[in-house]
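Some notes on the structure that comes next.
The values are calculated or read from the model by the stated rules, or taken from the named source; none is laboratory data. All values reported here derive from a predicted model rather than from experimental measurement. Here the Cβ positions follow ideal geometry from the backbone for every residue, glycine too, while neighbour counts run over all protein chains shown.
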Number of protein chains: 2
Amino acid sequence: MPGGPVGTAGLGVPAALERALETAGAAEVLSGYLHTWAADFLRSLRLHEESSGGAQTAPAAAEAVRQLRAAARRIGSALLTYRPLVDAAWADELSGELRRLSGTLAREYRCAARSARLLGGLHRLTLEGVGGDRAAALLERQHSLARSRAHSAALEALVSSRFHAVADAVAVLAYEVPLTPEAARDGDAHDAHDAREVLVPLADRARERLVRAVAALPPPRSRDGQGRDGPRGQETQSRRDAAWLEVRILLRHHRYAQEVLYAGAGAGPGAGAGAADASARTAGTSGTGKPVAPREPQEQAAPPEPVPESPDPRLATAGRALDRYRDAIEAADAAAAAARTPRIAPATAYALGVLHAGQRQEAEAARREFAELWDRVLNGGPGASGYAANSTEANSTEANRGADCREAEPQTL
Amino acid sequence: MPGGPVGTAGLGVPAALERALETAGAAEVLSGYLHTWAADFLRSLRLHEESSGGAQTAPAAAEAVRQLRAAARRIGSALLTYRPLVDAAWADELSGELRRLSGTLAREYRCAARSARLLGGLHRLTLEGVGGDRAAALLERQHSLARSRAHSAALEALVSSRFHAVADAVAVLAYEVPLTPEAARDGDAHDAHDAREVLVPLADRARERLVRAVAALPPPRSRDGQGRDGPRGQETQSRRDAAWLEVRILLRHHRYAQEVLYAGAGAGPGAGAGAADASARTAGTSGTGKPVAPREPQEQAAPPEPVPESPDPRLATAGRALDRYRDAIEAADAAAAAARTPRIAPATAYALGVLHAGQRQEAEAARREFAELWDRVLNGGPGASGYAANSTEANSTEANRGADCREAEPQTL
C-alpha cells in the first residue's frame, strides 16, 4: 500500500514451479492452457444451447453463461499476457471480442446482483416511514426493466453473426494456437526456449504492473468514513475509483498469468499440442478454472520436488474484495441515479441518499479489506523493480466502468 | 467491552491517593470541592453579567456561560455521588436545578456546534448538483432560528426568579455545605471518618456503575458500517443509542467523583471549611476544573509519596469520544428531521439522506474509538464485582437526549 515498501515475495513464482517449467516448452504450455479453456468455452456453449429457453432449465443456462464468461476471460487474459508468443493481430482481435462478449453476458447477472445488493441494503438500513419502501419499489422497477433488457441483449449476442465468428475462432483454438513463427519452431524443437525462460518473464511483467498499480493507489479513507475531498470531491472520487478498478483488472491478469504457469508445470513435454482433451487433462485445471493436483509426473519430466498446485489462494480472496468494491460503488451510483428520477417523493430521495452513503461505505470497507490482504500477500522482501509503464490499452478501457447495467459497456475480462 | 473480561485496574484509586486521603476528613474534602466550584460558579456569573449584551463582549459572555456550566455540572455530580454526606432533599433539589440550568445554557452552544458539524459534513461529502447547496441553506436557516431562540431562552433563564434561587443556594454552598448531622460531626472531630473510609467507597460505586454499563453495551457495528438490525432496526438503534448516552453520563460522574478525591489529597486537615478562597486553593483545582499540582504538603499531613495530580487523562479523552458520538447521532437526527420539512426538493432530501448516513457513520467511528480507549484504560486486572444496579433516576432522564436543539430538554450534567 502507499507509503510502505513494495515487496513481491508472496507474488513471485516459487522455485519448484520454475524448475518444473524448465522441462516444458513455452509454446506447449500456453497452447495447453488455451486448448483447455477453448474446449471449456465450447462445452459451455453447447450446455447453454441445450438449456436456454425453458423456465425449468434457466438455472442451468445461467450456469452455462457463467462458465462461458470464465473461459472467455481466461483466454482473453492469456492472449494479452503472453501476446509475444502468438500472432498479435489475431490475439488482439480475439481478446477484444471475448472481452466484449463477456461484458454483454455479464450484464444480466450484474443487474440482478446489484438489485439484490441495493434492496438488501435498504432492508438493513434503519429507515423510518414510507421512503424506504418507495425507494425499494423504484429500484426494483428500474432494475427489473434493465435486467430483462440485458437478458434479451445476451440472447441476441449469442445468436449474432459476430458471436459465431468468435465461436469459430475459439473452436480453432481448441486444437491449434496461431503461434508466432518463432514460437511455433520452438514448439517443434522444444529445446531453444523452455517455458521458464519465455513465460515466467511475461508473467512477471503482469505481476509488476499489478504491484506498481497497487503501490500508486490512493490510500483508503479513514475509518470514520467521511471523505476529505473538499469541493472537488466528486472528481477526486472518480479518479480514485478508476485507479482501484484498474487494480482489480490487473490482479485478475496476474492471477490468470499464474494459472498458465501452474497448469504448465503439470504438463510434461509432449503433452498439450494437438489434442484438446488430452491437454485439458494434463494442463492440470478442472473445468471450473481451479487448477487440480498435477497427475503422476511422466517419466522423463518428473519434477524434483512437489510443485504447488495453484497460485496463492489469497489472490482470489483479494480479487473478491475488489469485486465487492466494484459492486458497492456501482450500487452507490445506481442509488444516486435513481434519486434523479423525476417526480419522486422527497422521502424516497432521502432513503436513496442514505442507501448511496451506505454503499460508498461498503466500498471503503472492501478497500480496507483488500489492503489488509495485500499486505499479507506481500509479507516478504523489499522493492520490485524493472516496472515498465506499459499498461495495455485494454486495461484502461476496462477501468471505465459502467455503473448502469442498462447502458454499461462490456468491461469484464 | 462486551465479551471481554471486565477489569478496573486503570480506573481504581491509586494507593498513594488512598493513603493521602487517610489524613483528610471526608466532610472537609467534599466541602472543599463544593466551595471551590461554587465560587467558580459565582465568578462566572459575575463575568457573564459584565459581558453580556454587547457584540464586542459576546465571546467573553460565551466563555462565562461555558464556565458556569462546567461548575454546575461538577456541583450537581458531586452532590449525586456523595449524596450520603449531605442533606438529601436539599442535594436532590439543587442538583436537579443545576442540571436543568446547564441544559438550558448548553442549548445555544450545542445548536451552533451542530449546525457547524452538519454544514462541514455536507461540504466534505461528494454531492453533485444543487441538492447539497439547498440542504445547506435549509439546515442553516433552521439552526439559525433555533440558535437565536436558544440564546433568548438562556438569557431569560439567567434573569428568572428560579435561577436566582439556584444562585442563592450556590452562594451559600461557597461557604457552607449542608452536611448530614453525622458528616458534620465528623467534620468537627475529624477522626471518626476519614476521607478514604467514607469517600472512596462512594467513588467506587460511581466507577462500578460505569464499568457495568460499559460491559453491557451492545458492541460497535462492524467496520463496513452497515447496520445489521433487521426490520426493527430503528427501535434497536434507539435502544443502543440510549445505552451509549448513559455511559457518557456515567463516565462523567466517575471522572468528577475522582476529581473530588484528587482535590482532597491536596488539602490537608484544617483546610477547606469556612473559607471559600482558601479551600479553592487548597482543594488543588484550577478554575477550569483541571486539578493542579498539590501545594507543598502541610507539616502534619505530608503524604508519604507523591500523589498523582489528577485522574487518568484518558478518561477525559474517552469522554470526548462519547461527546463526539452524542454530537454525531444528534446531527444525524437533525438531518433526518430536516428531510421531513414539507415541500423540499428531492435533491435536497437526497443530500440530507447522504448526510444522515455520514453522521451515523461518524457516530460508529466514535464508538469504536471509545472502545479502544476503554480497553487501554482497563488494561489491568480481572473482574469488577459488587455492582449494585442503582443507576439514579437522574441518569435515566439524562439518557433521554433531545436531538432537536429547539426542543431539547436540558440533559447535560
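Which of the following residues is under 30 Å from A:Ala203 (Cα atoms) and either surrounded by 18 or more Cβ atoms within 10 Å (Cβ to Cβ) or charged (D, E, K, R) (or both): A:Ala78, A:Ala88?
Going through A:Ala78, A:Ala88 in turn, the sole match is A:Ala78.
Inspect all residues belonging to segment B:46-67 and state whether any of them is in contact (Cβ under 8 Å) with a residue 60 or more places away in the chain, more than 22 Å from the chain's Cα centre (by Cα) and either surrounded by fewer than 23 Cβ atoms within 10 Å (Cβ to Cβ) or in a helix (DSSP H, G or I) (or both).
Checking segment B:46-67: at least one residue is in contact (Cβ under 8 Å) with a residue 60 or more places away in the chain, more than 22 Å from the chain's Cα centre (by Cα) and either surrounded by fewer than 23 Cβ atoms within 10 Å (Cβ to Cβ) or in a helix (DSSP H, G or I) (or both).
Residue by residue through segment A:99-134, note down the ones that are of a type in the set (Asp, Glu) and either closer than 30 Å to A:Leu155 by Cβ or not in a helix (DSSP H, G or I) (or both).
Correct list: A:Glu108, A:Glu128.
Scan segment B:347-360 residue by residue and report those that are crowded, with 24+ Cβ neighbours inside 10 Å and either touching a strand residue (DSSP E or B) at 6+ places or on another chain (Cβ under 8 Å) or not basic (Lys, Arg) (or both).
Across segment B:347-360, the qualifying residues are B:Thr348, B:Ala349, B:Tyr350, B:Ala351, B:Leu352, B:Gly353, B:Val354, B:Leu355, B:His356, B:Ala357, B:Gly358, B:Gln359.
Is there a residue being within 27 Å of A:Gln234 (Cα to Cα) and without any contact (Cβ under 8 Å) to a residue 12 or more places away in the chain anywhere in segment B:136-146?
Looking through segment B:136-146, at least one residue is within 27 Å of A:Gln234 (Cα to Cα) and without any contact (Cβ under 8 Å) to a residue 12 or more places away in the chain.
Of the conditions (1) touching a residue at least 12 places away in the same chain (Cβ under 8 Å); (2) surrounded by fewer than 20 Cβ atoms within 10 Å (Cβ to Cβ); (3) over 12 Å from the mean Cα position of the chain (by Cα), B:Ala70 fails just one. Which one is it?
That leaves (3) as the condition not met.
Need the failing condition index for B:Ala388 against (1) more than 29 Å from A:Arg360 (Cβ to Cβ); (2) surrounded by 15 or more Cβ atoms within 10 Å (Cβ to Cβ); (3) at pLDDT below 50, just the number.
Unmet for B:Ala388, out of (1) more than 29 Å from A:Arg360 (Cβ to Cβ); (2) surrounded by 15 or more Cβ atoms within 10 Å (Cβ to Cβ); (3) at pLDDT below 50: (2).
Just to check your reading of the model, which residue among B:Pro291, B:Pro181 is buried (at least 19 other Cβ atoms within 10 Å of the Cβ) and modelled with pLDDT under 95?
B:Pro291
Please verify whether B:Ala334 is surrounded by fewer than 24 Cβ atoms within 10 Å (Cβ to Cβ), at pLDDT 95 or above and in contact with a Lys or Arg (Cβ under 8 Å, 6 or more places away or on another chain), treating the condition exactly as stated.
The answer is no for B:Ala334.
Among the candidates B:Arg134, B:Arg114, B:Arg141, B:Arg124, which residue alone is farther than 27 Å from B:Leu80 by Cα, surrounded by 16 or more Cβ atoms within 10 Å (Cβ to Cβ) and more than 14 Å from every other protein chain (Cβ to nearest Cβ)?
Every option except B:Arg114 fails the conditions.
Enumerate the pairs (first residue in segment A:337-355 and closer than 15 Å to A:Arg117 by Cβ; second residue anywhere and among the polar types (S, T, N, Q) and part of a helix (DSSP H, G or I)) with beta-carbon separation below 9 Å, excluding pairs fewer than 6 apart on the same chain, so at least 6 apart or on different chains.
A:Ala337/A:Gln142; A:Ala338/A:Gln142; A:Ala338/A:Thr348
Against the definition (outside any loop (DSSP other than H, G, I, E, B), over 22 Å from the mean Cα position of the chain (by Cα) and either at positive phi or surrounded by fewer than 18 Cβ atoms within 10 Å (Cβ to Cβ) (or both)), how does A:Arg43 come out, yes or no?
Considered against the rule, which asks whether it is outside any loop (DSSP other than H, G, I, E, B), over 22 Å from the mean Cα position of the chain (by Cα) and either at positive phi or surrounded by fewer than 18 Cβ atoms within 10 Å (Cβ to Cβ) (or both), A:Arg43 comes out as no.
Answer yes if at least one residue in segment A:320-330 is crowded, with 16+ Cβ neighbours inside 10 Å, in contact with a helix residue (DSSP H, G or I) (Cβ under 9 Å, 6 or more places away or on another chain), modelled with pLDDT under 50 and not acidic (Asp, Glu), and no otherwise.
No.
Enumerate the pairs (first residue in segment B:197-224 and at pLDDT below 90; second residue anywhere and outside any helix (DSSP H, G or I) and surrounded by fewer than 18 Cβ atoms within 10 Å (Cβ to Cβ)) with beta-carbon separation below 6 Å, excluding pairs fewer than 6 apart on the same chain, so at least 6 apart or on different chains.
As it stands, the answer is B:Pro219/B:Pro2, since those pairs meet every condition given.
Of these, B:Pro313, B:Pro308, which one is more than 14 Å from chain A (Cβ to nearest Cβ) and free of Cβ contacts under 8 Å to residues at least 40 places away in the same chain?
Result of the check over B:Pro313, B:Pro308: B:Pro313.
Being in a loop (DSSP other than H, G, I, E, B) and modelled with pLDDT of 50 or more is the filter here; which residues of segment A:261-279 pass it?
Residue satisfying the conditions is A:Ala267 alone.
Does segment A:240-260 include one or more residues that are of a type in the set (D, E, K, R), modelled with pLDDT under 90 and under 30 Å from B:Gly132 (Cα atoms)?
Looking through segment A:240-260, none of the residues is of a type in the set (D, E, K, R), modelled with pLDDT under 90 and under 30 Å from B:Gly132 (Cα atoms).
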